[in-house]
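The values are calculated or read from the model by the stated rules, or taken from the named source; none is laboratory data. Being a predicted model, the structure only gives us computed values, none of them experimental. Using ideal geometry, Cβ is built from the backbone for each residue, glycine included, and neighbour counts are taken over all protein chains shown. Just the protein is used for accessible areas: all its heavy atoms, side chains included, with ligands, DNA and RNA removed. Shrake-Rupley method; radii C 1.70, N 1.55, O 1.52, S 1.80 Å.
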Amino acid sequence: MLGTRKSAEERRREKERKKRGTRKYGQASFKHSRRGISSCVSGFTGLFILGGCIFYAFAERGNAHGIIGGFAILSAVLSINGIRLAIRGFYERERNYLTCKIGLPVSFLSVVFFLAIFIGGLS
């Protein structure tokens, strides 16, 4: 039994090695921000719905039904929610913020397109 247990120094070294992770130079890999992923999904969904509404309106030559307006509003709500989620995703600690950085401009672009179409329709 003597000598088979690890010394305190070996346990400390093993703990350090596990903490460093398996990446080069000791950088542990981070998971993506949960709210950032939701932001990307919400932003791309809003952009996709808005694009579908525009395509349907062109296919019907301007005689689109009122349901298209409802889908456009849904698109705007999803995009605004995507912006909110992206901003809150930056507050998560020790996460990869790439999804937040993608979701924020996509959602913002969708809101800008919605407002451009809405304001263009008013005039």
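Within region 104-123, the residues that satisfy the criterion of being closer than 11 Å to L47 by Cα and small (G, A, S) are S107, S110. With respect to the conditions (1) surrounded by fewer than 11 Cβ atoms within 10 Å (Cβ to Cβ); (2) touching a residue at least 40 places away in the same chain (Cβ under 8 Å), S39 lacks only one, and its number is (1). Here E9 meets the list (1) of a type outside the set (A, V, I, L, M, F, W, C); (2) at pLDDT below 85; (3) within 30 Å of G121 (Cα to Cα) almost entirely, failing just condition (3). Identify, by number, the condition in (1) free of Cβ contacts under 8 Å to residues at least 24 places away in the same chain; (2) more than 24 Å from H32 (Cα to Cα) that F48 doesn't meet. Here F48 clears every test but (2).
Could we say that R12 is open to solvent by 60 Å² or more (accessible area, probe 1.4 Å), outside any helix (DSSP H, G or I) and free of Cβ contacts under 8 Å to residues at least 60 places away in the same chain here? Taking the combined requirement at face value, the residue does not satisfy it.
Inspection of region 94-105 finds a residue satisfying the criterion of being out of contact with any strand residue (DSSP E or B) (no Cβ under 9 Å at 6 or more places or on another chain) and under 30 Å from R17 (Cα atoms).
Residues in region 79-123 that are open to solvent by less than 90 Å² (accessible area, probe 1.4 Å) and of a type in the set (S, T, N, Q) were compared, and the one that is farthest from the chain's Cα centre (by Cα) is S110. Scanning region 46-78 for residues that are of a type outside the set (A, V, I, L, M) and either in contact with a strand residue (DSSP E or B) (Cβ under 9 Å, 6 or more places away or on another chain) or buried (at least 19 other Cβ atoms within 10 Å of the Cβ) (or both) turns up G46, C53, S75. The number of residues in region 64-123 being in a helix (DSSP H, G or I) and over 25 Å from C53 (Cα atoms) comes to 7.
Here Q27 meets the list (1) at pLDDT 75 or above; (2) more than 9 Å from the chain's Cα centre (by Cα) almost entirely, failing just condition (1).
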